[in-house]
Amino acid sequence: MKTALVHSEAWRGFDYGPEHPLRMERLGLTWRLMEAYGLTTLPGAIVQAPDAAPESAIAAYHRPEYIEMLKACNDGTSSRAAAMFGLGPGDNPVFRGVWDCARLVAGGSLLAADLIGRGEVDRAFHFAGGLHHAVDQRASGFCYVNDAVLAIMRLRERGLRVAYVDIDAHHGDGVQQAFYRDPNVLTISTHERGERLFPGTGFVREVGEGAGVGFSVNLPLEAYTDSSVFLPAFEEIVPPLLDAFKPDVVVAQLGVDAHRTDPLTHLALDIQGFAKAVARIAELSPQLLALGGGGYDIQNVARGWTAAWAVMNGVELPDALPASYVAEARAAGCRATTLSDAPVEVAEEIQVAVKNYVERQVNEVREQIFRLHSI
Ligand SMILES: [Zn+2]
């Protein structure tokens, strides 16, 4: 098993702004936890820094007028015209280097796709990627370019069959939209239900269009869904679909914002449940291109993606976080001292309601999608 970790120190140079929930510190903190656990010097694993993607690579999916606008915004100055492309105060701020930042995200995911496509590694992890909301002509949900779409397109150019599995708390709407009519890319997204959370989509009835019917799969989750409800639901949906679709490569978006302490969402996973889902995705993937995604409680981001990278390399980690990391993380406001989370009590009526909702959604997916794949 050969693996690759794609990481750049250049992220430190970018900043969405002091009020924005997406903190670039989370990437450095993740790297430092991986380092403290000895996961950046594993035998059989390479670590590579990406180059910024050339404009032509981004133009494979994004519209020229949107690219021109991102370039115009790179000096940090916004304009009224930028708002037409979703850029400006709010979710997708214009900051100095916004185009450079977008090119670096794309470059990292394309590097990971090339390492897998050329057969150099079996699994690659680009944890700064997974910006799944951007669409061809618009920024959305903190995402400027859709690196997941670009990576999938790069793999498709090599004739590889790709399944996309997205466990971020938000619906992977941008990726779904890009391949909505395409039967050669299966997209599966699990997320908090659209009535409750941005982007407001991801209902079971969104099954694809035309030749793509049956190749967009959505499993909405109720608020307070925890690992004990999520993992069995995941198991009922994802393995049978991957088994029927038979991808060459799975592209996984591993947003860690479904965690119970995430400030932007209402799901209730713990780190160990998240890691189990990653382990199942890895087992089910002939080759795996893993991306990061959301995650706004930075101690969960560092722990979740470190656990994910350990899983991808078959490494078992001691539960106590390394002392050198704990000291540094405390200075950044993090209190966790263990990789896993302590159990929490949940009121029985909440547990029952959540379970019932998720079971209904699972049945709905089986009814609407499985028959199309003769499952
Ligand atoms: Zn998210």
Calc'd 3J(HN,Hα), region 194-206, phi into Karplus 6.51 cos²θ - 1.76 cosθ + 1.60 (θ = phi - 60°), Hz, glycine/Pro = x, comes to x, 5, 9, 8, 3, x, x, 10, x, 7, 4, 5, 7
Cut-off 10 angstrom, C-alpha nodes, Gaussian network model of the chain. Which of Glu25, Glu349, Glu35 fluctuates the most? Glu349
Student exercise, region 91-210 dipole from Lys, Arg, Asp, Glu Cβ charges, in Debye to nearest 20: 160
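With N denoting the number of residues in region 150-270, provide Rg(C-alpha) divided by 2.2 N^0.38 Å, to two decimal places.
Working: Rg = 14.0 Å, N = 121, 2.2 N^0.38 = 13.6 Å.
Taking N as the residue count of region 150-270, the ratio is 1.03.
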Could I have the simple spin-label model distance between Ala60 and Glu283, label points 7 Å from Cα toward Cβ, reported in nm to one decimal? 3.2
Test of understanding: ordering Leu242, Leu5, Leu186 by Cβ neighbours within 10 Å, fewest first, what list do you get? Leu242, Leu5, Leu186
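For the chain, what's the relative contact order in percent, using C-alpha pairs closer than 8 Å and at least 6 residues apart?
Value for the chain: 18 percent.
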Mind checking the log10 I(q)/I(0) for the chain at q = 0.11 Å⁻¹? Debye, one equal scatterer per Cα, no solvent, two decimals. -0.71
Rounded to the nearest 0.05, what FRET efficiency do Asp248 and Glu9 give with R0 = 35 Å and r taken as the Cβ-Cβ distance? Could you check? 0.65
State the Cα centre-to-centre distance between region 280-304 and region 55-86 in whole Å. 28
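About the Cα centre of the chain, what is the dipole size in debye to 20, counting +1 per Lys and Arg Cβ and -1 per Asp and Glu Cβ, all else neutral? The partial results should precede the final answer.
Numbers: 32 positive and 47 negative charges, 125 e Å.
That gives the chain a dipole magnitude of about 600 debye.
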For Met312, Met84, order by how many other beta-carbon atoms lie within 10 Å, fewest first: Met84, Met312
Between Glu25 and Ser374, how high is the FRET efficiency from 1/(1 + (r/R0)^6) when r is the Cβ-Cβ distance and R₀ = 51 Å? Nearest 0.05. 0.60
Give me the one-decimal nm value for the distance between modelled label points at Val346 and Thr77, 7 Å along each residue's Cα-to-Cβ direction. 5.1
Inter-label distance, nm, simple model (7 Å from Cα along the C-beta direction), Met1/Glu68: 4.8
Which residue fluctuates most in the GNM of the chain (Cα springs below 10 Å): Asp243, Asp297, Asp341? Asp243
Return the whole-Å distance between the Cα centroid of region 7-51 and the Cα centroid of region 350-375. 37
Please pull out the direction-averaged projected area of region 53-132, using the convex hull of its alpha-carbon atoms, in nm² to one decimal place. 5.6
Of all DSSP beta bridges having both residues in the chain, the percent classed as antiparallel (nearest 5) is 10
Subtracting the Cα-Cα distance of Asp136 and Glu209 from 0.36 nm times their residue separation yields 24.5 nm
For Phe85, Phe215, what's the fewest-to-most ordering of other Cβ within 10 Å of each Cβ? Phe85, Phe215
Find the lysine pairs in the chain meeting two conditions, Cα atoms under 29 Å apart and a separation of 8 or more places or different chains, and report how many there are. 4
Just the number, please: percent antiparallel of the DSSP beta bridges in region 129-281, rounded to the nearest 5. 10
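Dipole magnitude of region 1-121 about its Cα centre, charges +1 at Lys/Arg Cβ and -1 at Asp/Glu Cβ only, in debye to the nearest 20?
Dipole size: approximately 160 debye.
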Which Cα, out of Trp99, Leu131, Ala113, lies furthest along the positive dipole direction of region 93-142 (beta carbon charges, K/R +1, D/E -1)? Trp99
CD proxy, 222 nm, the chain: helix-only mean residue ellipticity via -39,500 (n - 2.57) per DSSP H run with n ≥ 4, per residue, nearest 500, stands at -12000 deg cm²/dmol
Suppose the chain between Ala320 and Glu157 were pulled fully straight at 0.36 nm per residue; how much longer would it get relative to their current alpha carbon spacing? 54.3 nm
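Could you tell me which trypsin sites (Lys or Arg not before Pro) in region 297-363 are loop residues by DSSP with no more than 15 other beta carbons within 10 angstrom of their beta carbon?
When the trypsin sites (Lys or Arg not before Pro) of region 297-363 are filtered for loop state and at most 15 Cβ neighbours within 10 Å, Arg335 remain.
Quick note: the coordinates plus some simple rules give every number you see, no bench work behind them. Predicted model, so just to flag it, every value in this text is computed and none were measured. Positions of Cβ are generated from backbone atoms using ideal geometry, with glycine treated the same way; all protein chains shown enter the neighbour counts.
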